[in-house]
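Asks: Please find one structure pasted underneath; my questions will follow.
The values are calculated or read from the model by the stated rules, or taken from the named source; none is laboratory data. The shown structure was predicted, so the numbers you read here are calculated from the model rather than taken from an experiment. Note: ideal-geometry Cβ built from the backbone for every residue, glycine included; neighbour counts use all protein chains shown. For accessibility, only protein heavy atoms count, side chains too; no ligands or nucleic acids. Shrake-Rupley method; radii C 1.70, N 1.55, O 1.52, S 1.80 Å.
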Amino acid sequence: MVRFHIQPDSEIPASTQLYNQIRFAIASRQFPPGHRLPSTRQLAMQTGLHRNTISRVYRQLEEDGVVESQAGSGIYVRAQGDEGGTRPSQSVLSQKYPDAHALVKQTLDQLLKQGCSLTESRELFLAEVDWRLRCSARVLVTAPAYDIGAGELITQELEQALQIPVQLVPLEELGPVLAQTRSATVVTTRYFISEAEALAGPNAVRVIPVDIYDYAQEAQLVLELPNNACLGLVSLSPGILRAAEVIIHSLRGDDLLVITAQVNDPYRLNAVVRRAQTIICDREATATQVRAAIQASRDELIRSPQIVVAQSYVGSHSISLLKRELGLT
């Protein structure tokens, strides 16, 4: 069960703390599509916030396209993009794949009930297969220019996992790129899915959101750090650093001093190396640069900081989904 922590004496508004934690829970699939969010009463009891404050956070999440309200039922995480393999797969080898054959028959029956002829249904199936094959030929990762580091992380991990070329396109340039593309698959995190869908829709391009790593092990490490410790965070992405600061503050308040640095900022990186007792890095390549900075400053350090390397930024479930959607499995 996901629990939310609010620091009442913080300069960060309580609503901002709660909003960031819920967005993170959704982005890391701790709250998957279709998951019912806690009621305002439940969250009020857990966080101590007024129910009106929680309602405002939920309205903001709904306006951002992350959740949807169902009258008389509650607030649910909205399915985004083409996630979940919602389009039927096809196989003519009914004896080898009996479950798939049954699914094709069920889908065909539904098409016939809607008035499609057998010929039209066949054309629909063939068009879907052809569309998927063409989409698999080009995979685009997108993120806003101000947080292109997150896109770089996703691109590098997808190329390694999928073993195919992956192109990184800033969100601000996605529209013109798609206008010149016959077909493609756009990949992004749930933080940017609404903007990507708005740009991809007019071009009939599918968008698949990826789930990010939930950082549960790192969060436990943060909880166990002694009071007044200095924690360093180093990442390619300024967005990751901002979100991590808010969440860590929600967990520990002013008990910890948190210093952040983008890996390509040597001044900030050296400050982290000199002051932090523990440094969390977003990937092994980042950790390598941190170790180099430590080595360069070894004569000035009383004790080298502990380095913790986070797991892959993209969740394993999303990798499996992409492989299936792109026909790579």
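Asks: Which is among the polar types (S, T, N, Q) and under 30 Å from I319 (Cβ atoms), of Q21, Q7?
Replies: Values: Q7 fails: under 30 Å from I319 (Cβ atoms).
The match here is Q21.
Asks: Can you tell me how many residues in region 252-281 are more than 14 Å from A292 (Cα to Cα), surrounded by 15 or more Cβ atoms within 10 Å (Cβ to Cβ) and touching a helix residue (DSSP H, G or I) at 6+ places or on another chain (Cβ under 9 Å)?
Replies: Matching residues across region 252-281 total 9.
Asks: In region 216-237, what residues are open to solvent by less than 10 Å² (accessible area, probe 1.4 Å) and touching a residue at least 60 places away in the same chain (Cβ under 8 Å)?
Replies: Result: G232, S235, S237.
Asks: Looking only at helices (runs of 4 or more DSSP H) that fall completely inside region 1-86, which ones have 1 or more residues that are closer than 25 Å to E197 by Cα and modelled with pLDDT of 95 or more?
Replies: Numbers: elements: 14-27, 40-47, 51-63.
Helices (runs of 4 or more DSSP H) meeting the threshold: 14-27, 51-63.
Asks: OK, next. Assuming I148 fulfils every condition listed in (1) at pLDDT 90 or above; (2) open to solvent by less than 30 Å² (accessible area, probe 1.4 Å); (3) not small (G, A, S) apart from one, which condition is it?
Replies: Tallying (1) at pLDDT 90 or above; (2) open to solvent by less than 30 Å² (accessible area, probe 1.4 Å); (3) not small (G, A, S), I148 fails exactly one: (2).
Asks: A follow-up question, please. Tally up the residues in region 187-241 that are closer than 18 Å to P176 by Cβ and modelled with pLDDT under 90, please.
Replies: 5
Asks: Tally the residues that are open to solvent by less than 20 Å² (accessible area, probe 1.4 Å) and free of Cβ contacts under 8 Å to residues at least 40 places away in the same chain, restricting the search to region 295-329. Before you say what the answer is, go through the steps one by one.
Replies: So the first thing to find is which residues in region 295-329 are open to solvent by less than 20 Å² (accessible area, probe 1.4 Å), and the list is 297, 305, 310, 313-315, 318, 321-322, 325-326.
Now drop any that are not free of Cβ contacts under 8 Å to residues at least 40 places away in the same chain, which leaves 297.
Looking only at that region, the number is 1.
Asks: Within region 205-215, can one find any residue that is closer than 28 Å to Q46 by Cα, in contact (Cβ under 8 Å) with a residue 60 or more places away in the chain, open to solvent by less than 20 Å² (accessible area, probe 1.4 Å) and of a type in the set (D, E, K, R)? Break it down stepwise before answering.
Replies: Of all residues in region 205-215, those closer than 28 Å to Q46 by Cα come to 211-215.
If we keep only those that are in contact (Cβ under 8 Å) with a residue 60 or more places away in the chain too, we end up with 211-215.
Imposing the further condition that a residue be open to solvent by less than 20 Å² (accessible area, probe 1.4 Å) reduces the set to 211-212.
The next check asks that each one be of a type in the set (D, E, K, R); those that pass are 211.
Yes.
Asks: Go through region 160-169 and report how many residues are in contact with a strand residue (DSSP E or B) (Cβ under 9 Å, 6 or more places away or on another chain) and either without any contact (Cβ under 8 Å) to a residue 12 or more places away in the chain or open to solvent by 30 Å² or more (accessible area, probe 1.4 Å) (or both).
Replies: Going through region 160-169, the residues in contact with a strand residue (DSSP E or B) (Cβ under 9 Å, 6 or more places away or on another chain) turn out to be 161-162, 164-169.
Pick out the ones that are also either without any contact (Cβ under 8 Å) to a residue 12 or more places away in the chain or open to solvent by 30 Å² or more (accessible area, probe 1.4 Å) (or both) and you get 161, 164-165, 167-168.
Residues in region 160-169 being in contact with a strand residue (DSSP E or B) (Cβ under 9 Å, 6 or more places away or on another chain) and either without any contact (Cβ under 8 Å) to a residue 12 or more places away in the chain or open to solvent by 30 Å² or more (accessible area, probe 1.4 Å) (or both): 5 in total.
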